[in-house]
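Chemist: Okay, handing you the structure first.
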Amino acid sequence: MRLGFLLPCITVLLVAGNVCKLAQNSSALPLSTSSRWIVDESGLRVKLACVNWVSHLEPVVVEGMGKQPLDTISKKIAAMGFNCVRLTWPLFLVTNDSLAGLTVRQSFQALGLMESIAGIQVNNPDLLNLTLIQAFKAVVSNLADNNIMVILDNHISKPGWCCSNFDGNGFFGDKYFDAEEWIKGLTKMATMFNGSPNVVGMSLRNELRGPKQGVTEWYRYMQRGAEAVHSANPNVLVILSGLSFDNDLGYLSKKPVELTFQGKLVFELHWYAFSDGQAWANGNPNQVCGRVAGNVMRRAGFLLDQGWPLFLSEFGLDQRGTNVNDNRYLGCMMGVAAELDLDWALWTLQGSYYIRQGVLAMDETYGLLTWDWSKPRNSGLLQRIQAIQSPFQGPGLSDLSPYSIIFHPSTGLCVLRTSLLGPIELGPCDESDVWSYTEQQTLTLKDKLLCLKADGTGKPARLGIICSDTQSKWEFISDSKMHLSTKMSSDGSSLCLDVDPDGISIITNPCRCLTNDHTCNPEGQWFKMISSTRKTASKNSILRLPSRPEIWRFVRNRVLESSV
């Protein structure tokens, strides 16, 4: 596959180490909500495109300070297209005075992490003699210097790796999870960052879970926590997580939360491949995608229809590309995230840890950066998520009427044409053509008398002017609802839109993985119609004039069409 669409800035900054001009966050803070959207002070949509950055493990220092300078890491985050960080913190950081009073050096010394101390001395010497809370503030401040918004996520109480059902941190009443202490901690943290404009939200608690969890207690304490945070800092979004490791908010379909404030409430959801065990590896991808996506909508997606923002605050995968379960899940998740235009946070930034579960310098295979934090672990993933880093729709995005784009989740690219008569191919979604899906099941270029047509197995999909034949009609089939299928007039055979082995050209082939076969991979044929009001380059650009051979082919094809 050709990977020519990555931003040059990413390559320059992360590979060569130079600093180039970064896209700045120009949102008018603070943020609030308008129905299902997060908006700025001007009422314009702000899409949270975040990355998680861990600061809740035993050292209670944000990961990576021994690998790269703090400012270098912040600039990498911005250069990769992220506008915010979901920054994790343990409750004891602000409720346990003996812990909060430790310096960074003392914290690492207590854990025997002398090599990490040496690394911090080289890369971030100014942090070593700060207290843990001062170091945490320094991270938030540096992110602000780089125009990066921050969501403070109370990830756990006792510092350590999260999460299990029996770690004592899962639900109210657990060994390390006292509800009153939690509310005091939230209040203290909200107050502490009241004067930090880039702290735009607070997530009250990560992944509620365990044998003590219950709906009644969820309402009681989460509503109290929300009120406490809003009272201490009315500028921040208040983000509520669900039960069962933040996989379930279904109870809200029958009973909404009751709060004294409005315009600040957001709900969050987590979605990983392992949330459904090994279903992706062991089942038919189309069937699994249909079933799991349906569950996501029943458990959380319905909130969008009720007028609440939904923040996919954790998703991710093994970026080595060797995990079949993860690989299959991502295409389905990307299709849903694009269709719903979700706010989101990728797990995770860190390429390695100081110490995790007793292992020194553990490599994080879900990490966006490599073990030494010097470059992206998987540049293909960066290209893939690029399209969903910008909003497709929402208040104030543009004055365009809603239209459709054809999104290809496997690549993160969209269907477009390179010229008036040129081929249909994949390209950046910002250059997408403006499509319309009609009641007659035709895919037409909006405001143009051209429609998408199939010519046969392995042949390029093309534009035509005769749109009444069967091979101009397209239907979404399979449980995933991401196969675009048509029938050939000549023999009635069904073909699906597909991507050529070159990774760019759009062709048609027999539809794959429609049976119970779990060994096949349908992702090349997965396309999603996305509603958008985003301005596209093609909307305002002048397409190049066709060459004489192109004109001749165009006329010949139209003559052949008219004779059918």
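Where a number appears in this text, it was derived from the coordinates with a stated rule and is not lab data. Remember, predicted model here, so these are calculated numbers, not experimental data. We place every Cβ from the backbone using ideal geometry, glycine too, and count neighbours over all the protein chains shown.
Chemist: In terms of the ratio Rg/(2.2 N^0.38 Å) built on C-alpha atoms, what value belongs to the stretch 356-450?
Modeler: Scaled against compact globular proteins, the figure is 1.55.
Chemist: Which value, in nm² and rounded to one decimal, describes the direction-averaged projected area of the C-alpha convex hull of the stretch 56-162?
Modeler: Average of the hull's projected areas for the stretch 56-162 equals 6.2 nm².
Chemist: Please state, rounded to one decimal and in Å, the Kirkwood hydrodynamic radius that the stretch 167-241 gives when every pair of distinct Cα atoms enters the mean of 1/r.
Modeler: 12.7
Chemist: Tell me which of Ala281, Ile424, Trp53 sits at the most positive position along the dipole axis of the chain, charges placed on C-beta atoms (Lys, Arg +1; Asp, Glu -1).
Modeler: So the residue furthest toward the plus end is Ile424.
Chemist: Quick check: residue separation of Val257 and Lys175 times 0.36 nm, minus the Cα distance between them. What number comes out in nm?
Modeler: 26.9 nm
Chemist: Continuing with the same structure: Taking the Cα centre of the stretch 48-388 as the origin, how large is its charge dipole in debye, to the nearest 20, when only Lys and Arg (+1) and Asp and Glu (-1) carry charge on their Cβ atoms?
Modeler: Taking the Cα centre of the stretch 48-388 as origin, the dipole is about 180 debye.
Chemist: Right, something else. Please work out how much length the chain gains when fully extended from Ser374 to Ser468, using 0.36 nm per residue of separation minus the C-alpha to C-alpha distance, in nm with one decimal.
Modeler: Gain in length upon complete extension: 28.4 nm.
Chemist: While we're on this one: Once fully extended, how much extra length lies between Gln134 and Glu115, figured as 0.36 nm per residue of separation less the alpha-carbon to alpha-carbon distance?
Modeler: So the chain would gain 4.7 nm between Gln134 and Glu115.
Chemist: Rank Ala226, Val215, Ser241 by how far each Cα sits towards the positive end of the charge dipole of the stretch 192-309 (+1 on Lys, Arg Cβ; -1 on Asp, Glu Cβ) and give me just the farthest.
Modeler: Sorting the options by dipole projection puts first Val215.
Chemist: Return the equivalent ellipsoid semi-axes of the stretch 403-537 as a descending list in whole Å, where each equals the square root of 5 times an eigenvalue of the C-alpha gyration tensor.
Modeler: Equivalent ellipsoid of the stretch 403-537: 21, 18, 14 Å, largest first.
Chemist: Moving to a separate point now. Hey, what number do you get for the chain at 222 nm if only DSSP H runs of n ≥ 4 count, each worth -39500 (n - 2.57), divided across all residues, to the nearest 500?
Modeler: -7500 deg cm²/dmol
Chemist: Shifting gears a bit: Rounded to the nearest 5, what is the percent of antiparallel bridges among the DSSP beta bridges in the chain?
Modeler: Antiparallel: roughly 60 percent of the beta bridges in the chain.
Chemist: Where the centre of each part is set by its Cα atoms, how far does the stretch 322-350 sit from the stretch 50-120, in angstrom?
Modeler: Between the Cα centres of the stretch 322-350 and the stretch 50-120 lies a distance of 25 Å.
Chemist: I've got another one for you. Which residues make up the longest stretch of the chain clear of GluC sites (Glu not before Pro) that lie in a DSSP loop with no more than 15 other Cβ atoms within 10 Å, not counting the sites?
Modeler: Longest site-free region, per DSSP loop and neighbour criteria: 42-257.
Chemist: At q = 0.12, 0.14, 0.15, 0.24 Å⁻¹, what is the log10 ratio I(q)/I(0) for the stretch 194-281, with the Debye formula run over Cα points and no solvent?
Modeler: Values returned for q = 0.12, 0.14, 0.15, 0.24 Å⁻¹ are -0.41, -0.54, -0.61, -1.23.
Chemist: OK, next. Could you give the spread of the C-alpha atoms of the stretch 129-281 along their three principal axes, from largest to smallest, in whole angstroms?
Modeler: For the stretch 129-281, the Cα spread along each principal axis is 43, 37, 32 Å.
Chemist: In whole Å and largest first, what semi-axes does the C-alpha gyration tensor of the chain yield when each eigenvalue is scaled by 5 and square-rooted?
Modeler: Equivalent ellipsoid of the chain: 45, 25, 22 Å, largest first.
Chemist: What base-10 log of the normalised intensity I(q)/I(0) is obtained for the stretch 474-540 from the Debye formula, alpha carbons as equal point scatterers, at q = 0.11, 0.24 Å⁻¹?
Modeler: -0.33, -1.09
Chemist: If you don't mind, another one. What translational diffusion coefficient, to the nearest whole µm²/s, does the stretch 295-336 have by Stokes-Einstein, given a Kirkwood radius computed over alpha-carbon pairs, a temperature of 37 °C and 0.692 mPa s viscosity?
Modeler: Stokes-Einstein gives a translational diffusion coefficient of 277 µm²/s.
Chemist: Using a Cα-Cα cut-off of under 13 Å, which aspartates and glutamates could be cross-linked to Lys47, ignoring same-chain neighbours fewer than 8 residues away?
Modeler: Result set, ordered by chain and number: Asp341, Asp343.
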